[in-house]
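The values are calculated or read from the model by the stated rules, or taken from the named source; none is laboratory data. Since we're looking at a predicted model, the values are computed, not measured. Every residue, glycine as well, gets a Cβ built from its backbone with ideal geometry; the counts of neighbours run over all protein chains shown. Remember, those area values only see protein heavy atoms, side chains included, never the ligands or the DNA or RNA. Shrake-Rupley method; radii C 1.70, N 1.55, O 1.52, S 1.80 Å.
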Amino acid sequence: MSIPSGPIKGMSAMNTQISKGMPTNGSLLKGLYVATSGMIAQNQRTLAITQNIGNAQSRPNKPGEQPYRRKIVIFQDFYDTSKGVNLVRVKRIAYDTTPPKKVYSPGDPGADKDGFVLESNVQAVGEMADMRDASRSHEAATKAFEKIIQMLQSTIGVLKNA
Amino acid sequence: MNILHTSLTSLIHQRLQYLNKRSEVLTGNIARADMPGAKRQEIRPFRDIAKQKTINFSHQDSVNSQQYTLDLSAKDIKTEDKEIEREMEIMEMNHNTLNHQALLDIVSNFYKLYKYAISRSG
């Protein structure tokens, strides 16, 4: 599965909602955009980490083939002119340049004439730490989102009772 | 005289606008926390902005809507020379929400007072 990069497609639902008549100049709504972009970026990061963990033991099928390389998600801050706010997105997926591990496994179909096979350069423990970090970042963005919703609800509550 | 447009309601309105903008800035910090080299951003204190914008309360009973608008520009947001810490940002966000809630409580009490006054006079 490939990781999408570039424009944030996950925000289309919110875009549609806003284009139906909700004002776009409100800072609270902009805050919702920012929080959502952060959550989407962290989702994409989690996806890359999951791929890394899944391929931690990957080996090539034939001798001479390169094994799976660890993916690194690079974030980018960009100004969305249509919403007038700075958002975060995945700029690109980079590949870790650490050389692959060389494991002695003569019976492996990917082993060379000396019996060595190249294994992915993923360190599962490091990936788990990254996963936890991504999870905490996602949680932080979710909390910010909830706080903004709370502020909006309070405002609407006051106006309703006025 | 318009009882809904007083210097106090104007100030509350501007403070609410300020808090809304601050929530956007803080959320931006949280979203950018994992970007390498990202620095924390913070909006200038409300007191400073209010002073600079020279809020004019002399026409406090005017129905001029401009009086209620706090024009916050990019200049009002400064980039600090420190890294973003998610926990600190969440704490600031909670603080911001509490301030917002407190202001809304004041607004709500205002409306209650007006309602009471109207009901008593009617």
Partner shielding of B:14-24, as the mean number of partner chain Cβ atoms within 10 Å, equals 5
What's the carbon and sulfur percent of region A:38-137's accessible surface, probe 1.4 angstrom, rounded to a whole number? 52 percent
Multiplying the sequence separation of B:E87 and B:K75 by 0.36 nm and subtracting their Cα-Cα distance, what value in nm do you get? 1.7 nm
Hz values of 3J(HN,Hα) by residue in region A:112-126 - Karplus curve (6.51, -1.76, 1.60), Gly and Pro given as x: 7, 5, 8, x, 9, 10, 7, 10, 3, 8, 7, 9, 4, 5, x
Pop the C-beta distance of A:I72 and B:T6 into the FRET formula with R0 = 35 Å and round what comes out to the nearest 0.05. 0.05
Report the calculated FRET efficiency for B:N94 and A:I156 (r = Cβ-Cβ distance, R0 = 22 Å), to the nearest 0.05. 0.65
Could you calculate the FRET efficiency of B:K112 with B:D48 from 1/(1 + (r/R0)^6), where r is the beta carbon distance between them and R0 is 35 Å, rounded to 0.05? 0.60
Leaving out ligands, DNA and RNA, calculate the buried accessible area for the pair B and A with a 1.4 Å probe, summed over both sides, in Å² to the nearest 100. 2400 Å²
